[in-house]
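Q: Quick one: this structure, given as structure tokens, is what I'll be asking you about.
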Amino acid sequence: MRVAFYESDITPPLGGFISGHYANVRGNDVVDKLYAKAVVIEDGDNIAALMVMDTVHIPGDARDAITKRVYEYTGIRPENVCICSNHTHAGAPVLSNPELECYEDATYKDVFLRLCADAIILAYKRLDDATAKFGSCNVEGIAFNRTFVLEDGTFVTHGRGRKNIKESLGGIDTELGVLVFERDGKPIGAVTNYACHQCCMGPIKGYSGDYSSIMSKKLKEYYGQDFVNVFVIGCAGDVNHHNPDINVPVPNDIYITMGLKLAEGAKTSIDNATDSNGKVGMITAPIEFNLRQADYDYTKARVLHYLNTDDHFMRVRNLLHYNSNNHNKTQTVFVQGISVGDTCIYALPGEVFVEIGLEIKEKSPFKNNLVAENTNTRSGYVCPERVFGDNDNLYETALCFGSCYAPDSCEKLISKSIEVAKLLKEV
């Protein structure tokens, strides 16, 4: 097996729109440099490239632009490339969406796309013999499900400070998974995976990779400045860092605490990792999601309903924007699987509810599993069918371009993921 890592500095100019806040938030400082980080894995017969960028979402034109450049320089076919966003809410200003009140920095974006591709290209140029190991541990106390059932049966997002909560609507995934590669007995880089939103910065001060930046810096202290941490965010569509207990303070620098705790967990996992050498495989499989439609009667009913909610302006605005601009009934996205010996990396589209990732892990034919969301295309929340209904007042299901997949998308995603894994198991 030959493996190499590379990281490109993609820190933008000051002043760009920071997406993910439904407001005009600008990057007027650099808290942490932004990066595109890549790993290329090859066993002679098969090759897989994985790249993660410090952005909240992947721009719609990014995959084609990046894979085209990668193919021109390396011959790696697009179906053997996976691109991911680590979903930092303080990331690169490369997304235009009037619904989000943000606009790309077009001049920077051209350079951004080339640098993201170059991370893969430069990793490919450095391929050398390496061995693979897998380790994991449970990291607790930093991630919480953010959806709740109220005493009247209503489903809501965010429960901190509410007095009428009956129970949590969902769970969490405490596993920190680490696929680490070693050369001459020394760790050279790792793919790490944990399920929690990267929106932990408090009042935004500037660009940052959020807690994964802190995690990566600390791992360099442990394993050397050339060590590259390719952090792929787990299924965290309904998971963030807000402890719902109002008596527990959430400091503005919680992202530092989280990053340090995850780095400690990663070190424990790396130091105790076991062999995962074997064949390398990669499969890219399309999947078609049905899009929810907003006709006049539905839109009118939901607008009247939203007027009784705390965030009615945002929900009404987003729904009307979707109603006016959506002209499609389906969207084709990708499910990818990358296998390295006994380990499988799943690459899923959208912001995926945590129970979907847990079910994929449970049904997987592989011993070790990393399940990543926000990959390859800009897409919305993927929610389990059980959370839709008359008692649903969740932010994650409020119809808009960021939340438009039909309820059956959950089962389609799980089914396609396991189908891909079973095929990889035969490689």
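The values are calculated or read from the model by the stated rules, or taken from the named source; none is laboratory data. Please read these numbers as outputs of a predicted model, since none were measured by experiment. Methodologically, a virtual Cβ is constructed for each residue, glycine included, from the backbone with ideal geometry; neighbour enumeration extends over all protein chains shown.
Q: Output the residues belonging to region 116-164 that are polar (S, T, N, Q), over 17 Å from His242 (Cβ atoms) and outside any loop (DSSP other than H, G, I, E, B). I'd like the intermediate steps shown before the answer.
A: Taking region 116-164 first, the residues polar (S, T, N, Q) are 131, 136, 138, 145, 147, 154, 157, 164.
Those left that are additionally over 17 Å from His242 (Cβ atoms): 131, 136, 138, 154, 164.
Within region 116-164, Thr131, Ser136, Asn138 qualify.
Q: Something else: Among the listed residues Val52, Val70, Val111, identify the single one that is β-branched (Val, Ile, Thr) and surrounded by fewer than 20 Cβ atoms within 10 Å (Cβ to Cβ). Spell out how you get there, then give the answer.
A: Numbers: Val52 fails: surrounded by fewer than 20 Cβ atoms within 10 Å (Cβ to Cβ); Val70 fails: surrounded by fewer than 20 Cβ atoms within 10 Å (Cβ to Cβ).
Val111 is the lone residue from the list that is β-branched (Val, Ile, Thr) and surrounded by fewer than 20 Cβ atoms within 10 Å (Cβ to Cβ).
Q: Please list, ordered by first then second residue, the pairs with beta carbon atoms under 8 Å, 6 or more apart or interchain, first in region 10-21 and outside the structural domain of Gln198 (by TED's automatic domain parsing) and farther than 14 Å from Phe112 by Cβ, second crowded, with 16+ Cβ neighbours inside 10 Å and of a type outside the set (Val, Ile, Thr).
A: Nothing qualifies.
Q: May I ask you to list pairs of residues, at least six apart or on different chains, whose Cβ atoms are under 7 Å apart, with the first in region 188-211 being farther than 22 Å from Ala273 by Cβ and in the same structural domain as Thr131 (by TED's automatic domain parsing) and the second being acidic (Asp, Glu) and surrounded by 24 or more Cβ atoms within 10 Å (Cβ to Cβ)?
A: Pairs that qualify, where the first residue is farther than 22 Å from Ala273 by Cβ and in the same structural domain as Thr131 (by TED's automatic domain parsing) and the partner is acidic (Asp, Glu) and surrounded by 24 or more Cβ atoms within 10 Å (Cβ to Cβ), are Gln198/Asp210; Cys200/Asp210; Met201/Asp210; Gly209/Asp54.
Q: Another question, then. Asn323 passes all but one of (1) without any contact (Cβ under 8 Å) to a residue 40 or more places away in the chain; (2) in a loop (DSSP other than H, G, I, E, B); which number fails?
A: In the conditions (1) without any contact (Cβ under 8 Å) to a residue 40 or more places away in the chain; (2) in a loop (DSSP other than H, G, I, E, B), Asn323 misses (2) alone.
Q: Further question on the same structure: Residues in region 314-324: is at least one farther than 30 Å from Glu182 by Cα, of a type in the set (Phe, Trp, Tyr) and at pLDDT 90 or above?
A: Initially, region 314-324 is screened for residues farther than 30 Å from Glu182 by Cα, giving 314-324.
From what is left, the residues that are of a type in the set (Phe, Trp, Tyr) are 322.
Pick out the ones that are also at pLDDT 90 or above and you get 322.
Among the residues of region 314-324, at least one is farther than 30 Å from Glu182 by Cα, of a type in the set (Phe, Trp, Tyr) and at pLDDT 90 or above, which makes the answer yes.
Q: Which residue is surrounded by the fewest Cβ atoms within 10 Å (Cβ to Cβ), if the candidates are limited to region 387-426 and must be of a type in the set (S, T, N, Q) and farther than 30 Å from Val280 by Cα?
A: Of everything passing the filter in region 387-426, Asn391 is surrounded by the fewest Cβ atoms within 10 Å (Cβ to Cβ).
Q: When you look at Ser379, is it crowded, with 17+ Cβ neighbours inside 10 Å and more than 19 Å from the chain's Cα centre (by Cα), yes or no?
A: Here the answer is no, as Ser379 does not meet what is asked.
Q: Look through Arg63, Arg69 and report the one residue that is within 18 Å of the chain's Cα centre (by Cα), farther than 15 Å from Ile204 by Cα and in contact (Cβ under 8 Å) with a residue 40 or more places away in the chain. First the steps, then the outcome.
A: On the way: Arg69 fails: within 18 Å of the chain's Cα centre (by Cα).
Just a single option satisfies the conditions, and that option is Arg63.
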